[in-house]
Amino acid sequence: MSKPTNSVTGSVAIPPGLARPLGIGGGVLAILGALLPWVTFLLNDGAYPDKATLQFFDAPYAVSGFRLHVLLLGVVAIVAHFIPVPLRRVLRALGWGLIGVAAVNIVFPLVDGGGFGAITSDGTNFAFGGIVSLIAGIALVLAAKTGPLEPVPQWKTSVPTLVAYAVLVVSFVALLLVVAMMLNAGGQGGVGNPYAGPIFLSLLAFLAGVLGALHGIGLTGWISGLSDKHKWFSVIVLVLVALALPFTEAGTDYWMTTAANIGVYAATAIGLNIVVGLAGLLDLGYVAFLGIGAFVAANFSGAAAAAFDIELPFVVAAIIAAVVAGIFGAVVGSPTLRVRGDYLAIVTLAFGEIFKKAAQNNIGGLTGGANAIPNVPPINWFGASFDESLTIGSLELPSGVLYYVLIIVLVALVMVVFANLKNSRIGRAWIAIREDEDAARAMGIKTGQAKILAFLIGATLAGLAGAVFAHKTSTVAYDSFQFIESVTLLAAVILGGMGSIPGAVLGAALLLVLPEKLREFSDYRLMLFGLALVLIMRFRPQGLVPDRHRRAELADEGADGVPIEELNVHDTPGDEKAVTR
Amino acid sequence: MSATPVLAANSVSMVFGGLTALSNVSLRLQEGQILGLIGPNGAGKTTFFNCLTGLYSPTTGNVQLRGQVLPTDPAAVTVAGVARTFQNIRLFPSMTSLENVMVGRHSRMKQGPLASLFHGPAYLKGERDARDRSRELLEFVGLGTVHDELARNLPYGDQRRLEIARALATDPKVLLLDEPTAGMNPQETEATRQLIFAIRETGVAVVVIEHDTKFIFSLCDHVSVLVQGQLLVEGTPDVVRADPRVIEAYLGKPPDEVEAEVRQYAEEAAHGGPESTQVMQPIRDQDGHEGGNR
Amino acid sequence: MATLLQQLINGLVLGGLIALIALGYTMVYGIIQLINFAHGEVFMVGGFASLATYSYVLPESWRDHGHWPIALPLMALGGAVVAVVLAVAMERLAYRPLRNAPRLAPLITALGVSVILKEAVRLWYPGATAPVPFPRAFVDEQFRFQLGEGTVTIGATAILMIVVSILGAIILQTYITRSRMGRAMRATAQDPDTARLMGVNPNRTIVLTFTIGGALAGLAGVLYGIHITNVDTEVGFLYGIFAFTAAVLGGVGSIKGAVIGGFAIGLIKTLSGQYLPGGTQYDLVWIFVLLIVVLVFRPQGLFGEPERVRA
């Protein structure tokens, strides 16, 4: 029973006896860290961080911003010891959140604020807050390593419908508020506001810690179980909630535009997710379909540089764009009949490059070549031009809000397509092909047809997104559709979790919001993408929001991928007490 | 052999770049029959299965299902009514048991892409029927309690049974089992034997590849022995068991010893007491090491 | 006539370069079935490393024309060593941990590694946001022939390129067929499990494969630099694709195939740029079309063996 636990926890072995001292001590340290002075320094405008010079003895309650987050994490860590939760899971999440918050707020002043002195002293005071909080975080993580991670509790999803509805509404509204808070955190990045990046990252770390803890107690699993059960209700609420974003503090021109961009990429990424996530076919030229959709729509938009002197209604143009892209998708996918997996990736890459070259050379006069197709008019429905602001009654909504609404509808549509296909005969066939192609054929699945269908549907969705893209950006140029954009889309899918819809949206959002917040690091954007691909494949191949199948796998595994049966062998009575207390 | 056999292989030969893996192998499977295919390591049993299921296209000869020549496309063969399991289990590891079986229903479902997109009433009914049928099949093979378990998390013996359920979901007329008891303990082996009898009761004819000769002799109505790509002997278990060539070529043991062993097993099987039996160690084929997970 | 001959020569030179890179692709794919996307970037890094050797390591007095017999081998060494270190580190850190992962995982990792390498050079090599010039007056002998109306030019670097690539391939082929480690490599490529049982250490053989591939790519980097007289972060991706196409065309896993495929691609690029509609704007497109056609109609390539289905 009392075998050494180091085989479970990996490299570090912490005696179980230290669990409580480390856990509660870490919590106390975090609270202390939040109240101690943190570093402060001035860049162009204003002190970083906000209210960082607060003195414990002067105004103990005026803590805000990330220091409030540290405080909260610490309090929760202590409270968690006295309520029945999977303690080590919760502590691990809180600990990593603390480490993240502290690290961001130590490293940024260190790099941008003038070296080591900047983080240890603040005028006459020693600014230990950051370091104490970091130690607190480490203590919590170590406390989580005193034994195997507990299984995530499964809450019953058989609750009265009304209760389920209420829970879903509350959760989605909370989600909306979190999103608005994140978009707003630190404002938009750039030279004028160098604090945006760290403030955003710090908030991200805090939220990750909180979400991790909520996942650890089974809450997020329960909510997603409920939303699986009440699929249609969830979709409707989610759309309504998304439509409420313009009314929050994030409802500015700037964020509406960014959110619309995210939407276009998210819709495209979901399409790619059908090909990569469900059917397991790597497509490295996928952005070409977005490009085809955009060029088709631009040519039918009545723009001066368009090849056809005809202005079709947007809906018609979008359908044509989707169909044309879909046809190309089927053509590109057709080598799957003969070409094996990774060779196929090269075929798609080659196609993407052929498309780019053709567009660059203004093939058939359809793409404008280096001149692009400029001045694509905005969508105009019932006299409302989509690029202007909108006034409803006394409410003035930011410009771009109509595009935002259109794109929310588009994303919702694409999500429903994805979800319906995934839970169907076709979706099962795709997943079977991904898992074992020979076995899939032996089950009577015509694998060639199924794979071409995946390409076709994925490309159609991208073409549709491309049509919106053309009107929204107003200039359609070949260099918006380069290899690296395909890599970005792929990174979004993989970061979020292959085969998972919320994952694709989250991935696209992160990959577009982060560069906005971290303008001063824009040079490093691509390198960070590359790094993200490598690290995710190595350490979290299932992505941030794994698909249900993969989630089920995870629920059965401990932190380091050790199957639960193996973990139980090492369980000691002391651990059980910690769980049930 | 008067009636049209449900499955017939006619002089199937298979040559791989100058290497003859099978030469002129013929086989007749009658309705309701359980046919055993045995042979030493590398005799070409799995190659023969691959020819039967359309994975390989035989160099000469053909395969007929109820008189119709089968195409050499695994999906089409399955649609026609020949289903198989694999020697090295090949489930869809990150799908649940139920989903694995529902994939087996694929070719018997009608929904096209548009129906799959819109989920209309007819679609939902089809989906419900498939789920019900799949649940039945899981019950049938004794996996009624593990619908929502991921295939990769099932114990080994359950994985083999799940593969059989998945194959049955294609509504086959003929079921081909490639070493269904490999790696099983005696209890599981006996359960599998009963399961195969039960499958026969439902009107499906079965071909079994096995190394465990006792298992084959106690299970099958008809046994074919494949040695070095050629059909050496075929007939009832009694005939095959008594044939000195089989004992010589396949078992490599003095005939009387093997015969005693086999007779003992047959008696035990007849008296329903498998507890004391020793299962012969399965001999793996060359490509047996390739695991189900890629 | 002179134009045709000139383009043939240019094609062979380009082909030699592509062949050197293709050898790395083909060997790595042969042994671990991984399309090592980042291999083209290893070639690019090799070019930059040899330039760095010239600019930052060699004493100033060696940088003139007269010293090339010392300077050039040292540059080649610098390029090759850095490329080898990079290739081996890549295998150790990125690919080895994923050896039993689903097939997509190492491929996506390779893609990520490729982006990282390219960005790292672009950001951190001085001046690498634009093409960086190689020493010009270094190996610049030109041989000219009069042919009818026109002139045909062959540079010394061009001859060097062709000679090195063919020699390299011959040495490699001999090594693989004759030496003990070569046998181990072939055994591992055919069946890693059995090879292990026979006492072959698969990790060692795989590292060796990456080493050889890296060295050849590094060498190709130097040759590219002195021949084109500049090096640029974009070339890794481009030549990586060319080389991959060459490897596929020749039959992945085959040394002979990689070389012949390399020369074929070089010739197709220069000839299509000269004679096909669209000119050099579309030469890339023809190569990709060829790649797709080969993959579809003869996936095993010209010299490869068809894959056996396993069940």
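We did not get these values from a lab; they are worked out from the coordinates using the rules stated. None of these values were measured; they are calculated from a predicted model. FYI the Cβ positions are ideal-geometry reconstructions off the backbone, even for glycines, and counts take in every protein chain you see.
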Legend entry - Spin-label proximity, A:Tyr165 to segment A:222-246 - amide N less than 17 Å from point 7 Å beyond Cα toward beta carbon: A:226-241
Legend entry - Label-to-label distance, nm, for residues given as B:Asp148 and A:Ala330 (7 Å Cα→Cβ offset): 3.9 nm
Legend entry - Rounded if a/c under 1.5, otherwise prolate or oblate - segment B:94-166, Cα gyration tensor axes: prolate
Inset, instruction - Please work out the FRET efficiency for the pair B:Ala76 and B:Lys110, using the Cβ-Cβ distance as r and a Förster radius of 22 Å; give the result to the nearest 0.05. - result: 0.80
Legend entry - Cα long-axis angle, helix C:39-52 against chain C (0 to 90 degrees, to the nearest 10): 50 degrees
Inset, instruction - Considering Cα pairs under 8 angstrom that are at least six residues apart, work out the relative contact order of segment B:185-247 and quote it in whole percent. - result: 19 percent
Inset, instruction - Work out how much length A:Val315 to A:Leu211 would gain on full extension: take 0.36 nm times their residue separation and subtract the Cα-Cα distance, in nm to one decimal. - result: 33.5 nm
Inset, instruction - Please build a GNM for chain C, connecting alpha carbons under 10 Å apart, and tell me which residue among C:Ala89, C:Ala19, C:Ala105 fluctuates the most. - result: C:Ala105
Legend entry - chain C: angle of helix C:235-250 to the longest principal axis, Cα-based, in degrees nearest 10: 60 degrees
Inset, instruction - Just need the relative contact order of segment A:260-482 here, percent rounded to a whole number, with Cα pairs under 8 Å and 6+ apart. - result: 42 percent
Legend entry - chain C: most fluctuating residue of C:His227, C:His65, C:His39 per GNM, C-alpha cutoff 10 Å: C:His65
Legend entry - trypsin sites (Lys or Arg not before Pro) restricted to DSSP loop in segment A:361-459 with at most 12 other C-beta within 10 Å: none
Inset, instruction - Could you tally the net charge around C:Ala120, taking each other residue with its Cβ under 12 Å from the Cβ of C:Ala120, Lys/Arg +1 and Asp/Glu -1? - result: -1
Legend entry - Cβ-derived FRET efficiency at R0 22 Å, C:Arg196 paired with B:Gln230, nearest 0.05: 0.05
Legend entry - Nearest 10 degrees, 0 to 90: helix C:255-275 Cα axis against chain C principal axis: 40 degrees
Legend entry - C:Gln281-A:Lys156 pseudo-label distance in nm [points 7 Å out on the Cα-to-Cβ vector]: 7.0 nm
Legend entry - R0 of 56 Å, Cβ-Cβ distance C:Arg204-B:Glu248: FRET efficiency to nearest 0.05: 0.80
Legend entry - Among C:Ile228, C:Ile255, C:Ile162, residue whose mean-square fluctuation peaks in a GNM of chain C (springs only between Cα atoms under 10 Å): C:Ile228
Inset, instruction - Return, ordered by residue number, the residues of segment C:83-126 whose backbone nitrogen is under 19 Å from a label point located 7 Å along Cα→Cβ of C:Gln33. - result: C:95-111
Legend entry - Per-residue mean of C-beta atoms belonging to partner chains within 10 Å, peptide C:292-300: 4
Inset, instruction - May I ask for the distance between the Cα centers of segment C:86-148 and segment C:1-72, given as a whole number of Å? - result: 10 Å
Inset, instruction - Give the residues of segment C:27-60 whose amide nitrogen is closer than 19 Å to a point set 7 Å from the Cα of C:Ile228 in the direction of its Cβ. - result: C:37-55
Legend entry - Reach of A:Lys356 by Cα under 29 Å, taken over lysines that are not fewer than 8 positions away in the same chain: A:Lys451, A:Lys472, C:Lys118, C:Lys269
Legend entry - Net +/- balance of residues flanking C:Ile31 in space, Cβ distance below 14 Å, scoring K and R +1, D and E -1: +3
